[in-house]
Ligand code: 13P
Ligand code: SF4
């Protein structure tokens, strides 16, 4: 039977809810997922929140509606759970921009440096790192490193530059970036701001410097969402992936959210990797318990250590 026929006439929301109960499964979704996936998720969050949820989950199955490195993170932190993801091909341009063999060679040039890697990297890069960070806790993680220590920051040069400026630390940056956050046009945002003078520009720190210079608030996806809720302002130009706007609109239905324009006419501020996941694929992966994310135990243990350090520092910094 073709997948389409198999799915015909099914109420996927109902079927997914039924399967979740039967199988003691939980659905964790990133804010960049399609709205329907966000709406059936048990938890929606940014990378830090999702890691914390994955680490403490006692579900038998974790369905990770996000990208591959996020599902890997869940497996690293909670190996006895079965971790499935809707589409095994949902990768990440930022993670891809840091191949482990090249990074290992790069790291050898700076043997005394502490390696901080942004969570948007493969398990192999995590295993080569001393500390992991997310966009929510990068400042606290870097500040936890003694001042006399030199730092390598990988793989996102934009987040690295932003954190170097905030912490005053001089860091060696790996030359990686996110295809979605590099697409915004400073000029087109300025033009949009002229047309909507009351709108506040808010941006994710994966954006390039010229866009961050325009932003009146910079933060992780959760921080951006919370800012729009608490702010008395009524309109926002949002420089990050468009998925987060679903939660912003749900939380503040009377406010206006305008996606920041990309530097061409395509819908490039939709992450093509995140958007590979669909409600149908969520249903099928929960039903068939495949594709499953598995990991060699030696690699997992090496990747777990810097992840645990990150979670401990986050608790101490009150970022939970
Ligand atoms: P956060 O979830 O930390 O905001 O990062 C956004 C992102 O690019 C995830 O892929
Ligand atoms: Fe990777 Fe960027 Fe997509 Fe996030 S938005 S998954 S960093 S490509």
- (1) touching a strand residue (DSSP E or B) at 6+ places or on another chain (Cβ under 9 Å); (2) touching a residue at least 40 places away in the same chain (Cβ under 8 Å); (3) over 20 Å from residue 92 (Cβ atoms); (4) surrounded by 20 or more Cβ atoms within 10 Å (Cβ to Cβ) all hold for residue 203 apart from (3)
- Tell me, yes or no, whether region 101-110 has at least one residue that is surrounded by fewer than 24 Cβ atoms within 10 Å (Cβ to Cβ), under 19 Å from the mean Cα position of the chain (by Cα), part of a helix (DSSP H, G or I) and more than 16 Å from ligand 2 (Cβ to nearest atom). no
- Query: What are the residues in region 117-171 that are within 16 Å of ligand 1 (Cβ to nearest atom), assigned to a strand (DSSP E or B) and in contact (Cβ under 8 Å) with a residue 40 or more places away in the chain, if any?
  - Reply: 117, 118, 131, 132, 133, 154, 156
- For residues that are under 20 Å from residue 39 (Cβ atoms), within 15 Å of ligand 2 (Cβ to nearest atom) and out of contact with any helix residue (DSSP H, G or I) (no Cβ under 7 Å at 6 or more places or on another chain), tally how many sit in region 242-271. 4
- Query: Quick one: would you say residue 189 is within 18 Å of residue 303 (Cα to Cα) and either away from ligand 1 (no atom under 16 Å from the Cβ) or part of a helix (DSSP H, G or I) (or both)?
  - Reply: no
- Item | Boolean, residue 57 is within 16 Å of ligand 1 (Cβ to nearest atom) and under 27 Å from residue 318 (Cβ atoms) | no
- Query: Wholly within region 1-93, which helices (runs of 4 or more DSSP H) include no fewer than the required count, namely at least 1 residues that are crowded, with 19+ Cβ neighbours inside 10 Å and modelled with pLDDT of 95 or more?
  - Reply: 12-23, 35-40, 47-56, 68-77
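The values are calculated or read from the model by the stated rules, or taken from the named source; none is laboratory data. All of these numbers come straight from a predicted model, not from anything done at the bench. In this analysis, Cβ positions are derived from the backbone assuming ideal geometry, glycine residues included, and neighbour counts consider all displayed protein chains.
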